[in-house]
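Engineer: Below is a structure I'd like to ask you about.
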Amino acid sequence: MKNRYLIILRQTFKSLNWFETVLLLAILSLAIASFFIKGDFGVNALIAAVAAILGVFCVVLGAKGSLANWIFGVVEAFLHIYICFCTHIYGDMLQRLFYNLPMQFIGFNMWKKRTRHDGTATIHTRYMTWGQRWITIASVVVGTILLSIFLIYFGPWMISVLTDIFPDMQFKTLKMDYDSTLQLWLDSFTTVMSIVTMLVSVKAFVEQWYMWLLINVAYIAMWLMSDSVFSFMTVSKYCVYFVNSIYGIYMWHKLSK
C-alpha cells in the first residue's frame, strides 16, 4: 500500500511540465520567504507554512488530474484541522474533519478507477450531461438562497448563543455582521459552491474547474470589499487560484479525450 502511494508520487513529479514546475517552485519560494520574513520559527509557524504549500500543491496537481492531489490533500487537511483547533476556529475545523477529510479518501478511490495507464498517474476526465448541469446549478442557487436567509435572520443569534457557551469559538464564514449585503451573498455563494464543487471534483467532471473559476472570482470580489489586514494576501492567493483554474479547464479538457 505504501509503495503504491510512493509510485504515484514519483510518477507525478516525473510528469510535471515546465509551467507546473515553475508554479510549484514559485509558491514554495514565496512560502519560504514569507516564513523567514516574519521571523517566527516556532513549530506552529512551520506547520502553517507547510499547510499553505501543500494546499497549493493540491490545486496545481488537481488541475493536472493527478492522483497525488488527494495524497497531499489528506496531509493538508490534518494540518489545517490542527491549525483551526489551536486558533479556536472550530466551525472550519468541524467542516474539514467531517467533510473535507473524508472526501480526500473518497476522491482518491473514485479517481483511481479512472487512472490512465501511461505512467503519468493522471485520470480520464469527463463532461456532465445537461441534466447533471441543471441539477448542479439548481443546488447551488437554492443552497445559496437558504444560507443567505439563515445568515440574515439567524446567523447573529446562533453565533451569540455559541460564543456564550464557548467563549473562544470563532467562525471562518459566519459573522455577526458584514461590510455590505453583497458580501453576505458572496460568502453564502462561495460556501455552498465549494461544497458542491468538491462533489463534482470527486466525480472527475471537467465542469468543476469552471465552478472553481467562479468561486475564485467571488472570493476576490468579497475580499476586495474588506478592509481586513488579511485582504491583500488573501486576494493574492485567490488570484493564483484563478490562474490555476484556467489551467485546470485546459488540462481537464485534454484529459477528457
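Engineer: Against the conditions (1) open to solvent by less than 20 Å² (accessible area, probe 1.4 Å); (2) assigned to a loop (DSSP other than H, G, I, E, B), where does residue 88 fall short? Just the number, please.
Structural biologist: The single condition residue 88 does not satisfy is (1).
Engineer: Filtering segment 196-237 down to residues that are surrounded by 22 or more Cβ atoms within 10 Å (Cβ to Cβ) and more than 28 Å from residue 114 (Cα to Cα), which residue is modelled with the lowest pLDDT?
Structural biologist: So the residue we want is 222.
Engineer: Looking only at residues in segment 1-20 that are part of a helix (DSSP H, G or I) and open to solvent by less than 50 Å² (accessible area, probe 1.4 Å), which one is modelled with the highest pLDDT?
Structural biologist: Keep residues of segment 1-20 that are part of a helix (DSSP H, G or I), which gives 2-14, 18-20.
If we keep only those that are open to solvent by less than 50 Å² (accessible area, probe 1.4 Å) as well, we get 8-9, 12, 20.
Details: 8: 73, 9: 75, 12: 76, 20: 81.
Looking at residues that are part of a helix (DSSP H, G or I) and open to solvent by less than 50 Å² (accessible area, probe 1.4 Å), I get 20.
Engineer: Which pairs turn up if I take residues in segment 40-67 that are among the β-branched types (Val, Ile, Thr) and look for partners that are modelled with pLDDT under 75 with beta carbon separation below 7 Å, at least 6 apart in sequence or on another chain?
Structural biologist: 53/27; 53/28; 53/31; 56/27
Engineer: So, one more: From the residues in segment 159-175 that are part of a loop (DSSP other than H, G, I, E, B) and more than 24 Å from the chain's Cα centre (by Cα), which one is modelled with the highest pLDDT?
Structural biologist: In the first step, residues of segment 159-175 are kept if they are part of a loop (DSSP other than H, G, I, E, B); the result is 166-175.
Then drop every residue that is not more than 24 Å from the chain's Cα centre (by Cα), which leaves 166-168.
Working: 166: 71, 167: 74, 168: 71.
Only one residue tops the list, namely 167.
Engineer: Another question, if that's okay. Can you say whether residue 28 is in a helix (DSSP H, G or I), at pLDDT below 85, open to solvent by 30 Å² or more (accessible area, probe 1.4 Å) and touching a helix residue (DSSP H, G or I) at 6+ places or on another chain (Cβ under 8 Å), as far as the supplied structure shows? Even if it seems obvious, please write down each step before you answer.
Structural biologist: Numbers: in a helix (DSSP H, G or I): yes; at pLDDT below 85: yes; open to solvent by 30 Å² or more (accessible area, probe 1.4 Å): yes; touching a helix residue (DSSP H, G or I) at 6+ places or on another chain (Cβ under 8 Å): yes.
Judged against the criteria, residue 28 is a match.
Engineer: Follow-up. In segment 65-100, what residues are of a type in the set (Asp, Glu) and closer than 25 Å to residue 252 by Cβ? Lay out the reasoning, then the answer.
Structural biologist: Step one: of segment 65-100, the residues of a type in the set (Asp, Glu) are 76, 92.
76 - this is the single residue of segment 65-100 that is of a type in the set (Asp, Glu) and closer than 25 Å to residue 252 by Cβ.
Engineer: Would you confirm, using the coordinates I've provided, whether residue 105 is surrounded by fewer than 17 Cβ atoms within 10 Å (Cβ to Cβ) and either touching a Phe, Trp or Tyr at 6+ places or on another chain (Cβ under 9 Å) or part of a loop (DSSP other than H, G, I, E, B) (or both)? Walk me through it before giving the result.
Structural biologist: Values: surrounded by fewer than 17 Cβ atoms within 10 Å (Cβ to Cβ): yes; either touching a Phe, Trp or Tyr at 6+ places or on another chain (Cβ under 9 Å) or part of a loop (DSSP other than H, G, I, E, B) (or both): yes.
Yes; evaluated as a whole, the condition is true for this residue.
Engineer: Something else now. Being modelled with pLDDT under 85 and open to solvent by 20 Å² or more (accessible area, probe 1.4 Å) narrows it down to one residue among 94, 79; which is it? Spell out how you get there, then give the answer.
Structural biologist: Details: 79 fails: modelled with pLDDT under 85.
Residue meeting the stated conditions: 94.
Engineer: Does any residue of segment 34-51 turn out to be closer than 22 Å to residue 81 by Cβ, out of contact with any Asp or Glu (no Cβ under 9 Å at 6 or more places or on another chain), at pLDDT 70 or above and of a type in the set (S, T, N, Q)?
Structural biologist: yes
Engineer: Only one of these conditions is not met by residue 156: (1) modelled with pLDDT under 90; (2) out of contact with any Asp or Glu (no Cβ under 8 Å at 6 or more places or on another chain). Which number is it?
Structural biologist: (2)
The values are calculated or read from the model by the stated rules, or taken from the named source; none is laboratory data. Keep in mind that what you see is a predicted model, and the values were worked out from it rather than measured. Cβ: placed from backbone, ideal geometry, glycine included. Neighbour counts: every protein chain shown. SASA here: full protein model, heavy atoms, side chains in, ligands and nucleic acids out. Shrake-Rupley method; radii C 1.70, N 1.55, O 1.52, S 1.80 Å.
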